[in-house]
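The values are calculated or read from the model by the stated rules, or taken from the named source; none is laboratory data. Here the structure is a predicted model, which means the values were calculated and not measured. Here Cβ is always computed from backbone atoms with ideal geometry, including for glycine, and neighbour counts include all displayed protein chains.
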Amino acid sequence: MAVLTFLWEHCSNYRFFSFIKVVIVVPSLYLLIRAVYRIFLHPLRAFPGPKLRAISHIPHAIAGTKGRAAFDVRDLHARYGEVVRIAPDLLSFMTPSFWQDIHGHAAAKKFPKYGYFKARGDAQPLLTADEKDYPRQRAALMQGFSERAIAGQESTLKRHIDLFMKRLEENSERIDMSQWFQWLTFDLIGEFALSNHPWVAILVRWFRAVSFATNANEFGMLAPVLMLFTDIKDLMGIKIHQENAAAAVKKRLEMEDDPNRNDIWSYILRRKHENPLSLGEMEINAAALLIAATSPVADTLSGAIYFLSRNPKLTLSSTSKMPYLHAVMNETMRCYTPTPGGGRRQAPPGGATVSGHYVPGGTVVAVYQLPAFTLPNNFALPDCYLPERWLPIDHPDSPKATLTDEQEVFQPFSVGPKACIGKGYAYAEIKLILARVVWHFDFELLDNGFAVEKQRAFLFRERPPLNVKLSVRQH
């Protein structure tokens, strides 16, 4: 009996250890074969980049979850050049011609959007809408961002900015301009009272959760497992933000079409029979607009105050004048681009040529704005905040050193039929706010907590406090 027990235990242990060997050896062998394929046989093997990034999505995903993906990609471009393989099937470009090759009118339909997080099952916002729904949604929303619509909102802009200026004077000794710009832009797009909005804080969690989900999706079947590691508060931020936006839309729709109102929804309601949006589409687009129309503007305004405060040679009186004001806006978005990453597109099945490089079908391509805007490949003196580079060539203050700048690469709002519909509104808003602020106040930067290189970025910047002291200027 003892012999039989010994033989049973021995065989059982043998089967157990054999199972363990299979569990370890088979996946390891698969990963090894896949790594060899991706380095030596993959269609993207000729593109430069670190071998580890050619093997796995993990390095890029880790950088993304830390909010440092765009900064890492910038370092890779500085080392490897204008095109880099930053993941097994992902190429990053920083060439001027990329925009037209991928986003231009002739190319937009060939390169579909890729990897966008879908926060709602029954409706998608304009940003992630498919080819069937995109034209209809864009036509409906575009009315609210036309020149006529922007002009119609001038009184609303003035009213909020007047109140904003008054509040700045009341809190001038030490004020976080980053936070106050966020509140102001939120008021302007949402028509809320100017105060401390708890809803604004939720947006940061939205950015983190969406960024995490986008990176998790790169791991296919493992994505649901990886999502278990997301901060539950960040996921709740998505839910709360959508619920708040939906409630705001329903409240606005109850007002119906008021001829005395000229907000975005007024134009949608007046033409609802031409390009109708479903209630779900209105709600999810409101959630998207409250992000897209606030954070980039607040980023640019905060960046402008930060750089102007650090560059005493730039007089605030000249900054408030045209065309110098426009140059300041462009240089701020170059040095402190609100969207450091890039929208991804997927090459058509038959492949395509992008910036002179053949890209195999199925390859994901992107232009990361941070490296494209801040490396010497495209801009002379890239680390210098130099608004004069954007002045006309024949302007007396135009620097000779920057005449060779590849300004065509500077497309913070993208190009083509799917470019940002709010570009005109954003420029008008930034221009009006910045002109008022720099004309009325002198600034003193109180600390260096806003240090740009130390910041994190998910969908948009995660801005730290921008603490300044304000002094009313005497004209």
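Can you pull out every residue in segment 435-456 that is more than 18 Å from the chain's Cα centre (by Cα) and either β-branched (Val, Ile, Thr) or outside any strand (DSSP E or B) (or both)? Walk me through it before giving the result.
Initial filter on segment 435-456 (more than 18 Å from the chain's Cα centre (by Cα)): 435-451.
Within segment 435-456, 435, 436, 437, 438, 439, 440, 446, 447, 448, 449, 450, 451 meet the criteria.
Which one of 459, 432 is within 23 Å of residue 189 (Cβ to Cβ) and outside any loop (DSSP other than H, G, I, E, B)? Let's see the steps before the verdict.
On the way: 459 fails: outside any loop (DSSP other than H, G, I, E, B).
Residue meeting the stated conditions: 432.
Quick check: anything in segment 324-346 part of a loop (DSSP other than H, G, I, E, B) and either more than 23 Å from the chain's Cα centre (by Cα) or without any contact (Cβ under 8 Å) to a residue 24 or more places away in the chain (or both)? Break it down into steps so the answer makes sense when it comes.
Here is the first cut: in segment 324-346, the residues part of a loop (DSSP other than H, G, I, E, B) are 336-344.
Pick out the ones that are also either more than 23 Å from the chain's Cα centre (by Cα) or without any contact (Cβ under 8 Å) to a residue 24 or more places away in the chain (or both) and you get none.
No: zero hits.
To keep it simple, each residue is scored yes or no on (1) surrounded by fewer than 19 Cβ atoms within 10 Å (Cβ to Cβ); (2) farther than 30 Å from residue 116 by Cα; (3) without any contact (Cβ under 8 Å) to a residue 12 or more places away in the chain; (4) not acidic (Asp, Glu).
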{"site": "409", "(1), (2), (3), (4)": "no, no, no, yes"}
{"site": "413", "(1), (2), (3), (4)": "yes, no, no, yes"}
{"site": "416", "(1), (2), (3), (4)": "yes, no, no, yes"}
{"site": "419", "(1), (2), (3), (4)": "yes, no, no, yes"}
{"site": "429", "(1), (2), (3), (4)": "no, no, no, no"}
{"site": "461", "(1), (2), (3), (4)": "no, no, no, yes"}
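Could you identify the single residue in 156, 128 that is touching a Phe, Trp or Tyr at 6+ places or on another chain (Cβ under 9 Å), at pLDDT below 85, among the hydroxyl-bearing types (Ser, Thr, Tyr) and farther than 30 Å from residue 379 by Cβ?
On the way: 156 fails: touching a Phe, Trp or Tyr at 6+ places or on another chain (Cβ under 9 Å).
Matching residue, one of 156, 128: 128.
Look through segment 280-297, keep the residues that are in a helix (DSSP H, G or I) and among the polar types (S, T, N, Q), and return whichever of them is farthest from residue 184 (Cα to Cα). Step through it out loud before you land on a result.
Looking only at segment 280-297, we keep the residues that are in a helix (DSSP H, G or I), and these are 280-292, 295-297.
Right, trim to among the polar types (S, T, N, Q) and you get 285, 295.
On the way: 285: 20, 295: 11 Å.
Once the filter is applied, the top-ranked residue is 285.
For segment 264-277, which residues satisfy the criterion of being of a type in the set (D, E, K, R) and either surrounded by fewer than 12 Cβ atoms within 10 Å (Cβ to Cβ) or at pLDDT 75 or above (or both)? Give the steps one after another, and end with the answer.
The initial filter retains those residues of segment 264-277 that are of a type in the set (D, E, K, R), namely 270-272, 274.
Answer for segment 264-277, where residues must be of a type in the set (D, E, K, R) and either surrounded by fewer than 12 Cβ atoms within 10 Å (Cβ to Cβ) or at pLDDT 75 or above (or both): 270, 274.
Cβ-Cβ distance below 6 Å, separation of 6 or more or different chains: which pairs start in segment 96-122 with a residue that is in contact (Cβ under 8 Å) with a residue 24 or more places away in the chain and end on one that is in a loop (DSSP other than H, G, I, E, B) and among the acidic types (Asp, Glu)?
These pairs meet every condition: 96/406.
Residue-by-condition table, conditions (1) of a type in the set (S, T, N, Q); (2) part of a loop (DSSP other than H, G, I, E, B); (3) in contact with a strand residue (DSSP E or B) (Cβ under 6 Å, 6 or more places away or on another chain); (4) surrounded by fewer than 21 Cβ atoms within 10 Å (Cβ to Cβ):
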{"residue": "75", "(1), (2), (3), (4)": "no, no, no, yes"}
{"residue": "79", "(1), (2), (3), (4)": "no, no, no, yes"}
{"residue": "96", "(1), (2), (3), (4)": "no, yes, no, yes"}
{"residue": "105", "(1), (2), (3), (4)": "no, yes, no, yes"}
{"residue": "111", "(1), (2), (3), (4)": "no, yes, yes, no"}
{"residue": "116", "(1), (2), (3), (4)": "no, yes, no, yes"}
{"residue": "121", "(1), (2), (3), (4)": "no, yes, no, yes"}
